[in-house]
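Read through the structure below, which is laid out as structure tokens, and then see the notes.
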RNA sequence: GCCAGGGUAGCUCAGCGGUAGAGCAGGGGACUCAUAAGCCCUUGGUCGGGAGUUCGAUUCUCCCCUCUGGCACCA
């Protein structure tokens, strides 16, 4: 049995509403997951929310409500957005759920029993807002801690630490081995060097606890009820706790291992240190073998007019409003086609509208519409199965698409699809079916043209399925293709002789820009 | 300061030893099946600057400028 394709996203922190970056990551993972399903693989797509921690506790306090209540409210926002963006995930990782908590505790207990943790005391300046101890390098030019740290207090406290530094050499070797074996631990590959540098400089261990006097909204350490665990042994563990991992030594891991390892889709901001350093070492300590260390697909950011999106600049882009205004398909297509996986891109409303109008409305939507109209007008919608001059071209582009999708280069894959569409539109002009229709001698040629266009559209609809699933369905509905939908059906010539097409209904209506809104 | 990634047509980017390409935007044209969509033609670039290697460099090497990340240091 082929292994399940396991893909995750970062889990989002429930301290604020989702923005376009959250949406991009989930849509990217969704499209990859959908492609794998289309290719016949069993898929396990896991996404969710990170609900514990001090900031949540504080935000709840400020509103005078319980953290659980506060978290539920924000979680709803994410769930509603994912529904609106048509995400199809197989499991939902909410870190306050019992299955997660007990898994985290089992892991902590096991590592404690195996001597991977120790208790130590640290004293110094602590930023309440940032939940971290500050060192002199955090001081401003005036020697004081800046406002960005909020309230800074001098404290001394005991905490538990995870022995991280002793795995430094192991991780370096792993990075090198995996890079050489063409199974790099980080994609795109240029980020491997960045990670390697960071690992080389690794010194010191990882603090994994917070005393309950400061933080109660977390998972209690099973071996010391005065503490809760700090973010990493909570949030990162979601990747295995929701996949059926059992930390008990000797437990049956058959189901878990049918899925593992995952591909973790993450933003470039959380590669170093959490996903690139802490997570592999955590897994290593739990006895995961080297080839069970997951790969990291690191994506870039959507900037706004060349600058970072940030609350203080007030340039946050709300994906929910965009989907509302332009539709889910326009947003998904834009976010997946206008950025090279791993790199940054500039977000703009104008560009979104332009990509939608040019590619989806003018090229694809119009091709579908003109094809069905001609077939209806000249042949009452009925096709004859004919040989086609575009069969090889389409097959070739579909093969390129497959290669690019498998390599997570969605923008290149989409280019190949649009090349089929563009070729078809040119083919219509070359053959001029409206002229062929007037000449009974040309009946065969006309049938060839109509079959070619319909068949190409059927294949295009399959290739577009991971990107814009609903609209891909709509294309097939108009083509009246009720056969199975998978990559296997993307081979040329499956529309049978005598097939009758459906009614043409304009798909992807053009978005007309209103001058007042055409700004950014 | 160190490591990495960029700097190519108005915009977004591809190419990465044989004197430049795509899409979009701009200009012109022929057509009419179609969502005033589509098709054809076309205007745009001394490929960040300088030096070197080479018969030949956008493509390799070195230096510099500049942008983006990360790390470090000073204060």
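For the range A:356-402, state the average projected area of the convex hull of the C-alpha atoms over all orientations, rounded to one decimal in nm². It would help to have the intermediate numbers written out before the result.
On the way: hull surface 17.8 nm².
Average projection, Cα convex hull of the range A:356-402: 4.5 nm².
Return the distance in nm (one decimal) between the two label points of a simple spin-label model at residue A:434 and residue A:258, each offset 7 Å from Cα along Cα→Cβ.
Those two pseudo-labels are separated by 5.7 nm.
Where does helix A:443-464 land angle-wise versus the long Cα axis of chain A, in degrees 0 to 90, nearest 10?
10 degrees
Under the 0.36 nm per residue contour assumption, what length would be gained going from the current alpha-carbon distance of residue A:170 and residue A:84 to full extension? Show your work: numbers first, answer last.
Values: separation 86, 0.36 × 86 = 30.96 nm, distance 4.33 nm.
Additional length available on full extension: 26.6 nm.
Could you give the spread of the C-alpha atoms of the range A:55-107 along their three principal axes, from largest to smallest, in whole angstroms?
Computed over the Cα atoms, the extents are 34, 33, 14 Å.
Per q in 0.13, 0.14, 0.17, 0.25 Å⁻¹, report the Debye log10 I(q)/I(0) for the range A:426-509, using one uniform scatterer on each alpha carbon and no solvent.
-0.46, -0.53, -0.75, -1.26
Considering the Cα trace of the range A:200-293, what is its radius of gyration and what is Dmax, both in angstroms?
14.6, 41
Test of understanding: extend the Cα→C-beta vector of residue A:396 to 7 Å, then name every residue of the range A:422-437 with backbone N under 20 Å from that spot.
A:422-431
Can you report the principal axis dimensions of the range A:155-314 using only the alpha carbons, biggest first, rounded to whole angstrom?
Principal extents (Cα only, largest first): 47, 45, 31 Å.
What span do the alpha-carbon atoms of the range A:365-520 cover on each of the three principal axes, reported in whole Å from largest to smallest?
52, 41, 28
What percent antiparallel are the DSSP beta bridges of the range A:188-322, to the nearest 5?
Taking every DSSP beta bridge within the range A:188-322, about 55 percent pair in antiparallel fashion.
Based on a Kirkwood Rh over C-alpha pairs, give the Stokes-Einstein translational diffusion coefficient of chain A at 20 °C and viscosity 1.002 mPa s in µm²/s.
D = 84 µm²/s.
Using only the Cα atoms of the range A:417-467, construct the convex hull and provide its projected area averaged over every direction, in square nanometres to one decimal.
The number I arrive at for the range A:417-467 is 3.4 nm².
If R₀ is 60 angstrom, what is the calculated FRET efficiency for the pair residue A:376 and residue A:190, using the beta carbon separation as r and rounding to 0.05?
It comes to 0.70.
So if we plug the beta-carbon distance of residue A:120 and residue A:387 into 1/(1 + (r/R0)^6) with R0 = 56 Å, what FRET efficiency do we get, rounded to 0.05?
Numbers: r = 76 Å, r/R0 = 1.36.
According to the calculation, E is roughly 0.15.
Return the percentage of antiparallel bridges among DSSP beta bridges fully within chain A, rounded to the nearest 5 %. If you can, show how the numbers build up before the last one.
Numbers: 24 of 47 bridges.
If we restrict to bridges inside chain A, about 50 percent are antiparallel.
How compact is the range A:270-416 by the rule of thumb for globular proteins, expressed as Cα Rg over 2.2 N^0.38 Å?
The reported ratio for this selection is 1.48.
For residue A:316 and residue A:99, compute 0.36 nm times the residue count separating them, minus their Cα-Cα distance, and round to one decimal in nm.
Full extension from residue A:316 to residue A:99 adds 74.7 nm.
Label-point separation (nm) for residue A:343 and residue A:248, each offset 7 Å from Cα along Cα-to-Cβ?
5.1 nm
Relative to the longest principal axis of the C-alpha atoms of chain A, give the angle of the C-alpha long axis of helix A:190-200, reported between 0 and 90° and rounded to the nearest 10°.
10 degrees
Over the Cα atoms of the range A:1-105, what is the Rg over Rh ratio if Rh follows Kirkwood? Intermediate results must be reported in sequence, preceding the final value.
On the way: Rg = 15.3 Å, Rh = 14.8 Å.
We get a ratio of 1.03 for the range A:1-105.
How do A:481, A:92 line up, fewest other C-beta atoms within 10 Å first?
The most exposed by this proxy come first: A:92, A:481.
So if I take the alpha carbon set of the range A:388-476, get Rg, then get Rh from the Kirkwood formula, what is the Rg over Rh ratio? Before the final figure, lay out the partial values.
Numbers: Rg = 14.6 Å, Rh = 13.9 Å.
That ratio is 1.05, to two decimals.
Compute the projected area of the convex hull of the Cα atoms of the range A:183-224, averaged over all viewing directions, and report it in nm² to one decimal place. All intermediate terms of the calculation are to be shown ahead of the outcome.
Values: hull surface 22.1 nm².
Averaged projected hull area, Cα only: 5.5 nm².
Å³ per residue of the Cα convex hull, for the range A:1-58?
67 Å³
To test your reading of the geometry: what angle, between 0 and 90 degrees and rounded to tens, separates the Cα axis of helix A:410-431 from the longest principal axis of chain A?
Compared with the principal axis, the helix lies near 10 degrees.
Where a number appears in this text, it was derived from the coordinates with a stated rule and is not lab data. For clarity, every value in this text was computed on a predicted model and none was experimentally measured. Every residue, glycine as well, gets a Cβ built from its backbone with ideal geometry; the counts of neighbours run over all protein chains shown.
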